[in-house]
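Below is one structure; the comments refer to it alone.
The values are calculated or read from the model by the stated rules, or taken from the named source; none is laboratory data. Because the structure is predicted, anything quoted here is derived from the model rather than measured. For neighbour counting, all protein chains shown are included, and Cβ atoms are generated from backbone atoms with ideal geometry for every residue, glycine included.
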Amino acid sequence: MLKNVLLINALTSGATGILLAIFPGMTANLCGATEAWPFMAAGIFLVAFAALVFIQSRKQTPQKGWVKLIIALDIVWVIESLIIVVPQLFGLSFMGYLLIGAVAGWVGLMALLQSKGLKQHLTAR
């Protein structure tokens, strides 16, 4: 289970990162933002993050420390998203807040499933 969830996280994070990095202006417009660079920066981060997650997903035995880091980064993403969405920072559009919230929900699910997978993986040893 752990390796599959890591792979799904890697693929979805990578695809999102590539879209954000290639189309930051379009994403900014969709979200009602005036600046595109934060979307490009998030995209670049996600591509690097996806590479880390992908490497762990392909290992025979994912390394506990790296998986914990991945889970922690996912949790930080969710917290940062809530900090933006709840008080509606940056004057984004409804669609912008909706997209940030939806992505945060997905990332939160990945963190939860990775945590469960790590526990199962460690118990099976």
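Summary of computed values
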{"quantity": "When residues of segment 50-62 are limited to those that are surrounded by fewer than 15 Cβ atoms within 10 Å (Cβ to Cβ) and of a type outside the set (Gly, Ala, Ser), the one nearest to the chain's Cα centre (by Cα)", "calculated": "Ile55"}
{"quantity": "Conditions (1) closer than 29 Å to Ala124 by Cα; (2) in a helix (DSSP H, G or I); (3) among the β-branched types (Val, Ile, Thr): number failed by Thr61", "calculated": "(2)"}
{"quantity": "Options Thr12, Thr34: the member that is part of a helix (DSSP H, G or I) and not hydrophobic (A, V, I, L, M, F, W, C)", "calculated": "Thr12"}
{"quantity": "Filter result for Ser57 (under 27 Å from Met1 (Cα atoms), at pLDDT 95 or above and hydroxyl-bearing (Ser, Thr, Tyr))", "calculated": "yes"}
{"quantity": "Segment 75-86 residues that are modelled with pLDDT under 95, paired with ones that are aliphatic (A, V, I, L, M) and assigned to a helix (DSSP H, G or I) (beta carbon under 6 Å, 6 or more apart)", "calculated": "none"}
{"quantity": "From Ala50, Ala104, residue being within 19 Å of Leu118 (Cβ to Cβ), in a helix (DSSP H, G or I) and modelled with pLDDT of 95 or more", "calculated": "Ala50"}
{"quantity": "Candidate set: segment 5-49, residues that are of a type in the set (S, T, N, Q) and without any contact (Cβ under 8 Å) to a residue 12 or more places away in the chain; chosen: the one surrounded by the most Cβ atoms within 10 Å (Cβ to Cβ)", "calculated": "Asn29"}
{"quantity": "Condition broken by Leu73, with the remaining ones in (1) closer than 19 Å to Gly108 by Cβ; (2) surrounded by fewer than 16 Cβ atoms within 10 Å (Cβ to Cβ) satisfied", "calculated": "(2)"}
{"quantity": "Among (1) among the hydroxyl-bearing types (Ser, Thr, Tyr); (2) closer than 15 Å to Leu2 by Cα; (3) touching a residue at least 60 places away in the same chain (Cβ under 8 Å) - the single one Ser93 does not satisfy", "calculated": "(2)"}
{"quantity": "Residue tally, condition part of a helix (DSSP H, G or I), touching a helix residue (DSSP H, G or I) at 6+ places or on another chain (Cβ under 8 Å), surrounded by 11 or more Cβ atoms within 10 Å (Cβ to Cβ) and not small (Gly, Ala, Ser), over segment 76-88", "calculated": "5"}
{"quantity": "Filter result for the condition that a residue is over 19 Å from Ala104 (Cβ atoms) and of a type in the set (Phe, Trp, Tyr), over Phe54, Phe49, Phe39, Phe45", "calculated": "Phe54"}
